[in-house]
Amino acid sequence: MLRIAILAASLILFSLTSCPASDSASPNGGTQGSGENSEASDDARAAVDTYIEAVRTVDGEVGCTTLRSDAQDQLTLYNQSAEAADDCAAAFSEFSEAVASEREEELKKIESGEVELAEDGKTASSSLTYPENSGAGEGRYVSLKQEGGNWLLDDIYEP
């Protein structure tokens, strides 16, 4: 799927230009959790926060640990340098470095939003917010899937 193929690139670029999500219902039909679901929501949000921080700090090793394996594979295909061709961490670092050098101030302001768990408890979404654009309209969301007990970034989308 093309959207997965450019997940890392799209997530960084879209989040730099997106507006925060409105306070409407969950885009994936889920609910905010309590109890066990609250812990899952916290874990999912931590994955998004870790990803954002990895982009900010150009940390490919950490960044790749937040992506599903399909997204990791596609990131290496997206990046055309010889060093990054077979290495997710190198591809992630190379791309993040290019974005960070051009948009350092914007990267400092991106935040993860509220996490909404799907009814199945194994998928979730989180808005990406850029505080400078507060109230300007709907934003973008990150979808996550739980695999092997870890929440991993899967896709980005607009509701």
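What follows draws every value from the coordinates through simple rules; no lab data is involved. Quantities reported herein were computed from a predicted structural model and do not represent experimental measurements. Positions of Cβ are generated from backbone atoms using ideal geometry, with glycine treated the same way; all protein chains shown enter the neighbour counts.
Applied to region 121-127, the Karplus parametrisation 6.51 cos²θ - 1.76 cosθ + 1.60 on θ = phi - 60° returns per-residue 3J(HN,Hα) values of x, 10, 10, 7, 9, 9, 6 Hz, with x for Gly and Pro. In plain terms, the chain from Ser69 to Glu158 could stretch by 29.8 nm, reckoned as 0.36 nm per residue minus the Cα-Cα distance.
Extension gain for Asp86 to Lys108 (0.36 nm times residue separation, less C-alpha to C-alpha distance): 5.0 nm.
In this simple spin-label approximation, Ser101 and Arg56 carry label points 7 Å from Cα along the Cα→Cβ vector, and these lie 2.1 nm apart.
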